[in-house]
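The structure appears right after this line, and notes come after that.
Since every read-out is calculated from the coordinates, none of them should be taken as a lab result. Bear in mind that the values here come from a model prediction, so they are computed numbers and not experimental data. Quick reminder, even Gly has a Cβ in these numbers, built from the backbone with ideal geometry, and neighbours come from all protein chains shown.
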Amino acid sequence: MSTTLVHVGVRATDLEKTIRFWRDGLGIPVVVEREKSFDLSDGHHNFRVFQHEGPARPPHVSGMLDYLHIGVRVRDLEGTAARLLDMGYEIFSDGLAGKIPVDVTNIEEGAFKVEDPDGITVDITASDEQWPGVQMA
């Protein structure tokens, strides 16, 4: 028997803003909505976003110093980038000196990065081969 990754959970500082990012910006459907959490799913994995209610958190470390990032595959890379840009998010790639802006009309690398409202880096691609071992449907 092999282990299967089925769930990732994050705590959001602003639950509504975070859900708009994941649902409206990235297009991951909400399958269950509760008072203080949302379950989103691609049909294979559960992604639960909780309202953070603990003490104030320190600023999130991002860029090449981040300790957490999440990868997402989308069907329309340029359309997703344009939508996120319209929502006010910065579209970038990582360089040795930090964030490098990406031209959303010509994404040469086949991927880009964006930070969610809490600073979690999200690696976006349209490629089926970005992450070895993953079988895309």
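Observations on the model:
- Taking packing as the residue-averaged number of other Cβ atoms within 10 angstrom, the listed peptides 104-112, 18-26 run from highest to lowest as 18-26, 104-112.
- Of the GluC sites (Glu not before Pro) found in segment 7-96, the ones in coil according to DSSP and having at most 15 other Cβ atoms within 10 Å of their Cβ are 35, 53, 90.
- Arranged from fewest to most other beta-carbon atoms within 10 Å of their beta carbon, 91, 124 become 91, 124.
- Sequence-separation-based contact order of segment 1-74, relative, with Cα cut under 8 Å and 6+ spacing, percent: 31 percent
- Cα gyration tensor category, rounded, prolate or oblate, for segment 1-102 with a/c compared to 1.5: rounded
- The base-10 log of I(q)/I(0) for segment 34-93, evaluated at q = 0.13, 0.14, 0.16, 0.24 Å⁻¹, reads -0.56, -0.65, -0.86, -1.26 [Debye formula, identical scatterers on Cα atoms, solvent excluded].
- Under 5 Å, built H, 5+ apart or other chain: amide partners of residue 46: 7, 8
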